[in-house]
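Just so you know, all these numbers are worked out from the coordinates, no wet-lab data involved. Everything quoted here is computed from the prediction, not taken from an experiment. With ideal geometry, Cβ positions are generated from the backbone for all residues, glycine too; neighbour counts draw on all protein chains shown.
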Amino acid sequence: MYNKAESRNFYALVAAGGLIVGIGLIAAYLMEEHGHIITGMNNQIVWGMPHVFAIFMIVAASGVLNVASVGSVFGRAAYKARAPLSGLLSIALLAGGLTVLMLDLGRADRLIVAMTHYNLTSVFAWNVVLYSGLFSFVAIYLWTMMEQRMNPWSKPAGFVVFAWRIILTTGTGLIFAFLVARQAYGSALLPPMFIVASFAWGLAVFHLAQAAMYAWNGKTPGPEIMRRMRILLGIFVLGTLYFVFAYHLTNLYFAKQTGFEQFILAGGGIFPWLFWAGYVFLGSLLPLLFLFHSGLHKTSYTVIASLLVILGSFAFLYVFIIGGQAYPLFIFPGYEASSSFGDGQIASYSPSLPEFLLGFGGIGVAFLITAISARVLNLLPHDIPDRRKRDAY
Amino acid sequence: MARWGMVIDLDKCTGCQACSTACQMENNRLPGENYQDVLYYTEGKQPTPVLKWFPRPCMHCEEPSCMHVCPTKATFKTEDGVVLIDWNKCIGCKYCMIACPYGVRFYTDEKPLVEPNIKDVYPGEGDLSWNPPYKGPQQDNAHGVGIQPHGVVSKCTFCYHKISKAPKGIADLSNDDAANREFVPACVRTCAPTARYFGDLDNPKSNVSRLISDKRGVRLLDHTGNKPQVYYLSGGAGPAVPSGRGGANKA
């Protein structure tokens, strides 16, 4: 049982999370009341910082299930012990991401319209089904794992969740892949890139949550499972880097895309800095050093690497989403156009405080769901110390 | 049923922006946020650059990207080929704004492009974003006509409040036809050099069909596959739209 001091600390933590959520809701109200005028968004950059937060959380919600999948689908016992936490984090991140996404809508009050009027050619409409489905399937999966008489159904449920989350992340990638109008998007490479990125971002979130839970309970995870999870994160970070490299390389090969690539990779102000320093160096190369260097095997280095991967993912998404919109439409290829409406010009964007607060509010939602559920349901992974069973890793 | 379309003769267009102003007045647009805009670009290099212009309304595409991506079917196509927004269904996700290759969609409650912010001078009542003193009598949210409400996207409607009342079977809506002049879209109605034509693209006898056929009308960014219903004409040396011209003239 929990002692009095621990309980007090827990309630203080929940109160802090609640405060962040409350501030996020106030920010959402202000943005709803005043519109784009109090944000950095405009008619050229219509998706801003809230979308960076939302898409990170939605993509990570899919990727964090990787731990459960390795346990259920590939039968690794040590990962199975972590599957309930993996499922919980998925639900929490998805709830946080969707909260931000919905509150950023111009008419959040018309959510019922989005749920009752489906345009089957719209990937947004598909995603309504995919997101709702993930909630349901992961909840059922958790039930099969936590209710003893349902345990035989755990593996099939794990398979369904595994397939569903791959489809879901494909759907998230398709939001951009289907856009022929923008030079940054409209590539079949985007869905697989998002899937691999989801593995890395989700596992980084899992590492952080797991480390926090172990530290809170005064325990340490087994070195073997930590080694395996550290290597897995490194492989996913490398995989993401490979897809991002392939995406930019193919773009550079198309003459019509070189202007856009020059903007993102070299001359586009903040965007090249965020890409090279934020995503490539801080968010990929440095974590790889922490994850693979033989002298850096302490859990704290893995935590730092995970934090850097998450920071890098924000830098990547900022460049991808906002940089992709900042580059002007290709209306007159080969000509420089201008108008009273900003045509032909690089659009400017400075995220405002309410946008950040709404984003952090979404993270607060994910944190609250995780903290309360993990305590109530006692989801701390219990590693098996027995040598014979450890060999089953 | 007609399939309405527009033809713009670039040789006749003087870039005067009367079309933009007429559109702004007709549709209660905010300064700088015109449904119909004129783009400027430069042909040739120093010392002999030539400033050119290019009017750009919504293209009312046959295969509109904006309609395909709209999750709630708020953007829809009428039987007579006009792409409209049902403001009662728009949830303000702005996906259509990213999907449109022509950049002709507008979101409400933006920073003013011209000071002072006229929305503060004439604040809106209820759901409407502002309350212009010269507004027309029409407010049809289901067809995206009138003053833009809060939190939704708007665009050119081909002046749907006018053309939808035109007699059935009519081939062209032209200033020359006195009996039907009131149904002519504002930009066509006001164009002093008569560079704009509006009519039924499916009617081979319509003036717009003949112009497209006789003068080799072309569409902007045709390679996207959106199939715009706005055609451009040019009797000059090169194709009508800049992307089709030779590289020698590029800026």
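General remarks:
- The mean sequence separation of alpha-carbon pairs under 8 Å and at least six residues apart, normalised by the residue count of region A:232-390, gives a relative contact order of 16 percent.
- Amide H to amide H, with H built 1.01 Å from N, B:TYR231 comes under 5 Å of B:MET6, B:VAL7, B:ILE8, counting only residues 5 or more places away or on other chains.
- Restricting region B:16-101 to GluC sites (Glu not before Pro) in coil, as DSSP defines it, with at most 14 other Cβ within 10 Å: B:GLU79
- Under the Debye formula (equal points on every Cα, no solvent term), log10 I(q)/I(0) of chain B at q = 0.08 Å⁻¹: -0.31
- Fluctuation leader among A:ILE310, A:ILE331, A:ILE322 - chain A, Gaussian network, Cα springs under 10 angstrom: A:ILE331
- Inverse mean reciprocal Cα-Cα distance (Kirkwood Rh) of region B:1-52, Å: 13.4
- Table column - 3J(HN,Hα) (Hz), region B:159-176, Karplus curve with 6.51, -1.76, 1.60, x for Gly and Pro: 6, 4, 5, 9, 5, 6, 9, 5, x, 5, x, 5, 7, 9, 10, 9, 5, 6
- One chain, two ends: A:SER132 and A:ILE23. Fully extended at 0.36 nm per residue, the span grows by 36.6 nm beyond their Cα-Cα distance.
- Simple rule: put +1 on each Lys or Arg Cβ and -1 on each Asp or Glu Cβ in region A:1-148, find the dipole, and look at A:GLN44, A:VAL64, A:SER132; the Cα lying farthest toward the positive end is A:VAL64.
- Listed residues A:TYR253, A:GLY222, A:GLY324: farthest to the positive end of the dipole of the protein assembly as shown (Cβ charges): A:GLY222
- If you bin all the Cα-Cα distances of region A:153-287 at 5 Å, starting from zero, the percentages per bin are 2, 9, 13, 17, 19, 15, 10, 7, 5, 3, 1, 0.
- Helix A:83-103 and the longest principal axis of the C-alpha atoms of chain A enclose an angle of approximately 30°.
- In order along region B:179-195, the Karplus-derived 3J(HN,Hα) couplings, from 6.51 cos²θ - 1.76 cosθ + 1.60 at θ = phi - 60°, round to 5, 10, 4, 5, 8, 6, x, 4, 5, 6, 4, 9, 5, 5, x, 6, 7 Hz, and Gly and Pro are given as x.
- Among the lysines of region B:2-135, pairs at least eight places apart or on separate chains and with Cα atoms under 23 Å apart come to 10.
- In degrees, nearest ten, helix A:4-34 long axis to first principal axis of chain A (Cα): 20
- Distance between the pseudo-spin-label points of A:ASN9 and B:THR194 (7 Å out from Cα toward the beta carbon): 8.5 nm.
- Fluctuation leader among A:SER294, A:SER352, A:SER284 - chain A, Gaussian network, Cα springs under 10 angstrom: A:SER294
- Relative contact order (%) - chain B, alpha-carbon pairs under 8 angstrom, separation at least six: 29
- Per residue, the Cα convex hull of region A:1-131 amounts to 161 Å³.
- Relative intensity, log₁₀ I(q)/I(0), of region B:85-141 from a Debye sum that treats every alpha carbon as a point, q = 0.24, 0.30 Å⁻¹: -1.19, -1.25
- Over the Cα atoms of region A:81-131, the radius of gyration divided by the Kirkwood radius equals 1.09; this is the Rg/Rh ratio.
- Proximal lysines relative to A:LYS4, as straight alpha-carbon distance under 26 Å, when same-chain residues fewer than 8 apart are discounted: A:LYS219
- Here the Debye sum runs over all C-alpha atoms of chain A as equal scatterers in vacuum, and log10 of I(q)/I(0) at q = 0.07, 0.10, 0.13 Å⁻¹ comes out as -0.33, -0.67, -1.14.
- As a proxy for reagent exposure, B:THR48, B:THR72 were ordered by neighbouring Cβ count within 10 angstrom, fewest first; the result is B:THR48, B:THR72.
- 3J(HN,Hα) along region A:145-157: 7, 9, 9, 4, 5, 8, 3, x, 8, 4, 5, x, 5 Hz, from the Karplus curve 6.51 cos²θ - 1.76 cosθ + 1.60 with θ = phi - 60°, whole Hz, x for Gly and Pro.
- Alpha carbon centroid spacing (whole Å) that separates region A:165-242 from region A:19-85: 13
- By other beta-carbon atoms within 10 Å, ranking A:ARG110, B:ARG181 with the fewest at the front produces B:ARG181, A:ARG110.
- Between A:ALA266 and B:ASP177, the modelled label-to-label distance comes to 5.5 nm, taking each label 7 Å out from Cα in the direction of the beta carbon.
- Residues B:LYS168, B:LYS45, B:LYS215, B:LYS162, ranked from the fewest to the most other C-beta atoms within 10 Å, line up as B:LYS168, B:LYS45, B:LYS215, B:LYS162.
- Among A:LEU103, A:LEU249, A:LEU85, the residue with the largest mean-square fluctuation in a Gaussian network model of chain A, with springs joining Cα atoms closer than 10 Å, is A:LEU249.
- Beta bridges per DSSP with both ends in the protein assembly as shown, % antiparallel, nearest 5: 85
- Crossing angle, helix A:299-317 versus chain A [Cα axis fit, 0-90 degrees, rounded to tens]: 20
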